[in-house]
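Reading through the C-alpha cells given below for one structure.
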Amino acid sequence: MEEEYLRQGKLKKERFKKKAAPAVQVHVRKSKRRCPFILLITVSISFIVSFNGWADPLDIPQLTARVNDIPPLLLANYRADLEARLGRYEERTGHAIVIVALTNLEGQEITSFARKLFETRQLETKGSAGTILILISKREEEVAIETSRHFHRKFLEPETREKVQAAFKRSLAPNGGERGMETGVQTLMEVIDPWFSVLDAPSKASGLVPIFGTQVVALVIFILAPVLGLVTGFLLTISPPVGKLRSWARVVICGCAGSLVAVAMALVLRRLGGISLGILYYSAIAGSIASALTGGLSQFWLSERFTGRRKSEKISTPYIEG
C-alpha cells in the first residue's frame, strides 16, 4: 500500500511539472516580445528629438541676399539701398556682411543659433577676405555676431561685441528702424577699419536723411583744409631755411607740408565709421594747392630781406613842447 501511494504521488508531481512548464515558457516568450518593442519606441523618440534639433537651421530661408529682413524691420527703399551698398563694399574690400533679422527664435539661444546658421549656410567662404553675420531677433530684442576666422582678432574683446550689438539694437526701437540699422552698420565699419570708410553713404532713394553731425564735419573740413594750407605755406616761407630756397623748391616743400597738415586735420575730425575717401582726397589736394601757392608766390607779397636805415638818412628828433 505504501508503495502504491508513493508511486501515485510521484505521478502527480510529474503531471504538475508537465502542466506548469508551458506556462513558464509562455511567460518567457511574452517578456522577450516586450523588450524589443519598448526599445524601438525609445530609439524612435530620441531620433525624432535629435532630428528636430538638427533641422532648426533648415527652417530659415536661404540667405541669398546680404540684408535678410524677415519681420520686416526696414522700409523697402532703404533695404534695397543698403543691399546695393554692401555689395559694392564687398567688391572693393572682399569683406562680406550678412544681416539676418528674424521675428523670434522660438526659445533658442541666439549665440548658438547664429553659429548653426553660419555653419549651415557655409558663410565662412562667402567673402574672399572674411564674413560677418549679424543676427537680430525682434521679439527677444537680442543681437548676435558670428565672424569668420579673418575677423576673430577684431572681435576678441567683449567691449567690441557689446558696442556693435548695442548699435544694432537701436533698429529694434519704436522709431529706430532705418536710422538704427545705419548706426549699427557704421559702428561695424568703424570696428573693421577705424580710419578709412569704403562704404558709400545712403542715397536719396533710401529715404534716410543724412546725419546732421556728418554734414557739419564735412563742412568744417571743407573750410579748414585750404585755410590750414595757407597758414602752413606762410609759416614755412618766413622761416629762413625755406625762405632762402628757389620758388620751385618752396612750391614742392610747402605743397607737401600743406597736404599732410590738411589730411591730419581731416583724420582727427573724421566721422563715425571712418573718413570717406572723397573727403580725404579733397583735404590733400586743397591743402597742397593753397600751401604751394603761398610758398611759390611769396616774392610778390613778402620782402626777401630787411634793409634797415640808409646811411644818408637822418633820424629826426621828436619835437617836444615845453
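The values are calculated or read from the model by the stated rules, or taken from the named source; none is laboratory data. None of the values given here were measured: they were computed from a predicted structure. FYI the Cβ positions are ideal-geometry reconstructions off the backbone, even for glycines, and counts take in every protein chain you see.
Being touching a residue at least 40 places away in the same chain (Cβ under 8 Å), part of a helix (DSSP H, G or I) and in the same structural domain as ARG170 (by TED's automatic domain parsing) is a property that holds for ARG88.
GLU140 fulfils the conditions (1) within 14 Å of VAL100 (Cβ to Cβ); (2) at pLDDT 95 or above except for a single criterion, (2). Residues of the range 152-168 that are under 18 Å from THR93 (Cβ atoms) and modelled with pLDDT of 95 or more: VAL164 alone.
Residues considered: ARG170, ARG179, ARG161, ARG153. Of these, the only one that is without any contact (Cβ under 8 Å) to a residue 12 or more places away in the chain and farther than 30 Å from ILE253 by Cβ is ARG153. When residues in the range 99-111 are screened for being surrounded by 20 or more Cβ atoms within 10 Å (Cβ to Cβ) and either farther than 20 Å from THR187 by Cα or out of contact with any Phe, Trp or Tyr (no Cβ under 9 Å at 6 or more places or on another chain) (or both), 3 of them pass. Scanning the range 173-198 for residues that are at pLDDT 85 or above, of a type in the set (A, V, I, L, M, F, W, C) and closer than 19 Å to ILE97 by Cα yields MET181, VAL185, LEU188, MET189, VAL191, ILE192.
Evaluated against (1) at pLDDT 95 or above; (2) assigned to a loop (DSSP other than H, G, I, E, B); (3) among the charged types (D, E, K, R), GLU106 falls short on exactly one condition, (1). Within the set ILE145, ILE134, the sole residue that is assigned by TED's automatic domain parsing to the domain that holds GLU190, part of a strand (DSSP E or B) and either closer than 16 Å to ALA65 by Cβ or more than 17 Å from the chain's Cα centre (by Cα) (or both) turns out to be ILE134.
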